[in-house]
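To start, the structure itself, in structure tokens.
The values are calculated or read from the model by the stated rules, or taken from the named source; none is laboratory data. Keep in mind that what you see is a predicted model, and the values were worked out from it rather than measured. Don't worry about glycine lacking a Cβ; one is built from the backbone with ideal geometry, like all the others, and counts go over all protein chains shown. Side chains included, ligands, DNA and RNA excluded: accessible areas come from the protein's heavy atoms. Shrake-Rupley method; radii C 1.70, N 1.55, O 1.52, S 1.80 Å.
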Amino acid sequence: MTSTVTMLVRAGAALLLGAGLGLAGASSSQAGGKPTITKEPFGSVGGKAVDRYTITNGNFRVRVLTYGGILQTVETPDRHGRLTNVTLGFKTLNEYVTSGNPAYFGALIGRYGNRIANGRFTLDGRTYQLAINNDPNSLHGGDVGFDKRVWSATPVTNGGDPALRLTYVSPDGEENYPGTLRTTVTYTITRDKGIRIDYQATTDKATVVNLTNHAYWNLGGEGTGTIDDHKLQLNASRYTPVDATLIPNGRLDPVAGTPMDFREPTAIGARNRSNFQQIVYGRGYDHNWVLDRRDTSYRKLERAAKVTDSASGRTLTISTTEPGIQFYGGNFLDGTLYGTSGRAYRQGDGLALETQHFPDSPNHPNFPSTVLRPGQTLKSTTIYQFGASR
Ligand code: GLA
């Protein structure tokens, strides 16, 4: 094991071309050649230096910030081979920091992805009160979640592909969660235009954890309008219905016969203005789907979702080891945030597909458990696979 790690680090160091080297702007120029990772300073927050890594593999390029482990840009070709950035984000660190990145563009989410009812849960007889940052609930890890932390980064290689390993040690009691949580997230940029995300975490006290990434996609290009025409397919026959504060009521309801049915590819705009109670609560789609899985030990990668944009030809296929996926249609984007290309993001200008355990699992014993105990290692993998069809 040790020798494998040494080899990875050495191979990774060889890939690191040095600060600022060979960095193109967010242009539509074609990438190519050997896979590369370059690093450049991207400012600082709270006295901590933040870096931006640009990882290129073939005609595919991804930028990752050590602040929040944010996927800042993802450039992938359309059916004519033209690269465009398909993820929502900001141009500068200052915009992420001063806005608080309220929509969580591209960020790693922890310790707990999505909501915990009234910010409260009981574990082994002790009750923990978390920050109420999404009244009356706790959302995405509380006031200062993993999306606002500076992670340590090491470039590595994974199966011959360039990768970036990010680590963050969350002290016992941070945001009122128990246990020192050591988290490692590895982004591998594969030669066939995939972003593979491997999550690992360990703790020294029993705790609850639900890690995800909150990237928004617009396959026509970031800042080009709504995703209403994108077709979405979800491998899910059930979803977890919510109350008016978007907390699951504990049931796993069938999607059949409702606007929640995405078993066949369906345009997002076809039903997101429906008066179905769940859509009314979410102001559109903002729900967790229960993936139809063969492997219920949550170790194997299985296909979860596919997004298709027929105008550009771009496709995004998502596979995961997780039991659920939150499909959020960008309902709360209100035109006040300006993205990397300088254009305002309005309602529905991007969609997030967050692979995860179900929201509020600590308060629902019938949901797959999010408890992590000392001696156990949380392992979870999600692959965002891009493609282009004729
Ligand atoms: C998640 C939530 C949404 C919203 C977004 C961030 O997807 O379910 O309600 O909070 O994050 O804006």
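The table that follows gives values for the structure above.
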item	result
³J(HN,Hα), Karplus 6.51/-1.76/1.60, whole Hz, each residue of segment 71-86, x for Gly, Pro	7, 7, 9, 9, 9, 9, x, 8, 5, 9, x, 7, 7, 9, 6, 10
More than 33 angstrom apart: percent of Cα pairs within the chain	26 percent
Dipole magnitude (debye, nearest 20) for segment 95-212, charges at Cβ of Lys, Arg, Asp, Glu	200 debye
Straight-distance crosslink candidates among lysines, where the alpha carbon sits under 18 Å from K379 and sequence neighbours closer than 8 are dropped	K205, K300
Label point distance in nm, K48-S274, each placed 7 Å from Cα along Cα→Cβ	4.3 nm
G194 long-range amide H proximity, modeled H, under 5 Å	F386
Computed label-point distance, nm, for sites D253 and S237 using a 7 Å Cα→Cβ extension	1.8 nm
Whole-Å semi-axes of the ellipsoid equivalent to segment 197-349 (Cα gyration tensor, √5λ, descending)	25, 20, 17
Relative counts (whole %) of C-alpha pair distances in segment 87-194, using bins that are 5 Å wide	2, 11, 18, 18, 19, 14, 9, 6, 3, 0
For G106, residues with placed amide H under 5 Å, excluding near neighbours	H214, A215, Y216
Estimated FRET transfer efficiency when R0 is 51 angstrom, pair D295-S99 (beta carbons, to 0.05)	0.85
Cα convex hull volume per residue for segment 284-390 (Å³)	158 Å³
Charge dipole of the chain about the Cα centre (unit charges at C-beta), most positive-ward option of G220, L291, G160	G160
Unit charges on C-beta of K, R, D, E only; dipole of the chain, Debye	860 debye
Spin-label pair V169/A311, simplified geometry with 7 Å Cα→Cβ offset, distance in nm	4.8 nm
Cα-based reach from K39 at 22 Å (exclusive), listing lysines while leaving out same-chain residues under 8 positions away	K48, K91, K148, K193
Among G110, G58, G46, residue whose mean-square fluctuation peaks in a GNM of the chain (springs only between Cα atoms under 10 Å)	G46
Paramagnetic reach from T224 (point 7 Å along Cα→Cβ, amide N under 18 Å) across segment 358-390	385-390
Hull volume in cubic angstrom per residue (convex hull over the Cα atoms of segment 173-257)	207 Å³
Segment 246-302 - Debye-derived log10 I(q)/I(0), Cα point model, q = 0.12, 0.24, 0.27 Å⁻¹	-0.35, -1.08, -1.23
Amide H within-cut-off set for R314, under 5 Å, with H built and near neighbours excluded	R79, D309, S389
Stretch gain in nm, segment R343-N134, where the contour uses 0.36 nm per residue and the Cα spacing is subtracted	72.6 nm
Cα centroid separation, segment 90-150 to segment 304-329 (Å)	24 Å
Value of [θ]222 nm, deg cm²/dmol, for the chain, DSSP H segments ≥ 4, -39500 (n - 2.57) each, nearest 500	-2000 deg cm²/dmol
Accessible area of the chain belonging to carbon and sulfur atoms, whole % at 1.4 Å probe	49 percent
For the chain, with +1 on Lys and Arg beta carbons and -1 on Asp and Glu, the positive-most of I109, G145, T73 along the dipole	T73
Protection-proxy order for peptides 270-278, 90-98, each taking the mean of Cβ atoms within 10 Å per residue, highest first	90-98, 270-278
Karplus 3J(HN,Hα) series, Hz, for segment 194-206 with 6.51 cos²θ - 1.76 cosθ + 1.60 (x for Gly, Pro)	x, 10, 9, 10, 10, 10, 9, 8, 9, 9, 9, 9, 4
Around R263: net Lys/Arg minus Asp/Glu count, Cβ-Cβ under 13 Å	+1
5 Å-binned pair-distance histogram of segment 31-143 (Cα, whole percent)	2, 10, 16, 16, 15, 12, 10, 7, 5, 3, 1, 0
Size of charge dipole - segment 57-122 - debye, nearest 20, with Cβ of Lys, Arg +1 and Asp, Glu -1, no other charges	160 debye
Solvent exposure of the chain as accessible area per residue, Å², 1.4 Å probe	39 Å²
